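This report refers to the structure that appears directly beneath it.
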Amino acid sequence: MNPAAWHGQRPSQMPMPVRVSHFPQVPQSTSAVTHYRVVRPAAYPVRTAAPAHASPPTRLWRMLRVGAAAVQVMEEPSMQSKRLPWVVQQPGDVVLTSGRTHGDWVELLFAHLRKGWAPLSSFVPHGLGGYHGDGLYDGANRAIRQHQSEMLHIHLEPNLPEPALRAPSKSFHLQKEAWQAYVWLPELASPGPLPLLVAFHGSRPMDWDFLSFAERWQKDASAYQIAVLVPESVGPTWDYLLTCQRRDMDFIEYAINQTRCQVSIDDQQIAIMGMSDGASLAMSMALRNPGIFRTALVQATGFFHDTAPDTLKPRVYMEYGTEDKLFGPDTVARPTRDRLRDLGCPVEFAMIDGAGHMVQEEFFGAALDFWLGGPVANTEKFKKSSKGRC
């Protein structure tokens, strides 16, 4: 089944995420008394400096940890407000705070600047990252980078068995609790370790047929002599985007290492691919782990985070449609391309004439050719869609 049938769909009850390319720089308060930022809607009164006879305000930590019970995040600071679908923080989760409060509620930050509210009593201080108003230089943005870095980190297990001892030689399925993935291998593999492609879906309906989606990479495994790992999120999209947590990421890490245990993989040839939400995750992972993912192949990237600004950068193949209503050419596509180039990433940029948000089948061949064809300089292409608008 063509993955375009599912790609980019979003359950009607899910609010569309804010499409941004980065967290804003947040100024720090220099007041010794006021520990909360003052940017808030008029409905949420500003907490001003306390009078001389009052007790100092309680510190609001930049990072909090969820207590003993799961926390449903709300759109507004009220239990009568709408729930944010699928945005439930589990016991022990570490969350970022924006510095805004309303009564006994605190505003939380997620991966792509989406925000929500939860009762402050549901959390305990995390300690790391400091507190709002502590005067630390760039403290808020440091806390954001630290948290994002932890959420996006991937560890490759060392000391794997010798290749001759590894099996199987056929494609296989991985399962761990509620998570699953398919690994596609060439039917007639060439001798030696295989390059590995990790491919992420975009947002999806909960009743989709994951096997039908994953099967499209089976032919690529044989045609390009590669192994392809296709994991599935548990929710309608990756939890890094929904809650800024890493349960999906833990499974992705597990699946990569399980594939490396069972198949002879060339660790110097691991690429990451994604569409829409999957592209935002893939691009952020490649920037965080450039020693693992040396190439990123992304279509309709909404945002990314660079949590390791001083490291080597991955090569990038990036594609958008000229008629994409979510990520327009001038509002998202070209600014995202330019930001990546400013970071030092070699980017090949393709704009597909007449295409919308949905992935075009030609993307896969062009992206794999880019990956396996060697390094390129910054280039830009303007192509015509063979399938029209989506």
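The values are calculated or read from the model by the stated rules, or taken from the named source; none is laboratory data. If you're wondering where the values come from, they're calculated on a predicted model, not measured in any experiment. Reconstructed Cβ throughout: ideal geometry from the backbone, glycine too, with neighbour counts over all protein chains shown.
For the reader, a short list of remarks on this structure follows.
- Selected residue (only one of A227, A214 is farther than 30 Å from P85 by Cβ, over 17 Å from the mean Cα position of the chain (by Cα), of a type in the set (G, A, S) and in the same structural domain as L194 (by TED's automatic domain parsing)): A227
- A single entry from A189, A143 fulfils the requirement of being aliphatic (A, V, I, L, M), at negative phi and outside any loop (DSSP other than H, G, I, E, B): A143.
- Test: residue in segment 173-185 that is surrounded by 16 or more Cβ atoms within 10 Å (Cβ to Cβ), of a type outside the set (A, V, I, L, M), in a helix (DSSP H, G or I) and under 21 Å from the mean Cα position of the chain (by Cα): no
- Condition check for S190: of a type in the set (S, T, Y), under 20 Å from M283 (Cα atoms) and assigned by TED's automatic domain parsing to the domain that holds L326: no
Table: residues versus (1) within 25 Å of A70 (Cα to Cα); (2) outside any strand (DSSP E or B); (3) at pLDDT 85 or above; (4) not acidic (D, E).
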| site | (1), (2), (3), (4) |
| --- | --- |
| A118 | yes, no, yes, yes |
| D134 | no, yes, no, no |
| S149 | yes, yes, yes, yes |
| H155 | no, yes, yes, yes |
| P158 | no, yes, yes, yes |
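- Scanning segment 309-347 for residues that are farther than 27 Å from H153 by Cβ, hydroxyl-bearing (S, T, Y) and part of a strand (DSSP E or B) gives a single hit, Y320.
- Index of the failed condition, L368 passing every other in (1) of a type outside the set (S, T, Y); (2) crowded, with 18+ Cβ neighbours inside 10 Å; (3) at pLDDT below 95: (3)
Listed here are the residues, each with its yes/no results for (1) in contact with a strand residue (DSSP E or B) (Cβ under 7 Å, 6 or more places away or on another chain); (2) within 20 Å of F349 (Cβ to Cβ).
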{"position": "N289", "(1), (2)": "no, no"}
{"position": "I292", "(1), (2)": "yes, no"}
{"position": "T295", "(1), (2)": "yes, yes"}
{"position": "A300", "(1), (2)": "yes, yes"}
{"position": "D306", "(1), (2)": "no, yes"}
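- Subset of segment 326-374 [more than 17 Å from A300 (Cβ to Cβ) and in contact with a Phe, Trp or Tyr (Cβ under 8 Å, 6 or more places away or on another chain)]: L368, W371, L372
- Restricting segment 263-291 to residues that are buried (at least 21 other Cβ atoms within 10 Å of the Cβ) and more than 16 Å from the chain's Cα centre (by Cα), the residue that is farthest from P191 (Cα to Cα): I270
- Residue ID - surrounded by the fewest Cβ atoms within 10 Å (Cβ to Cβ), chosen from residues in segment 108-128 that are over 21 Å from the mean Cα position of the chain (by Cα) and over 11 Å from R62 (Cβ atoms): S121
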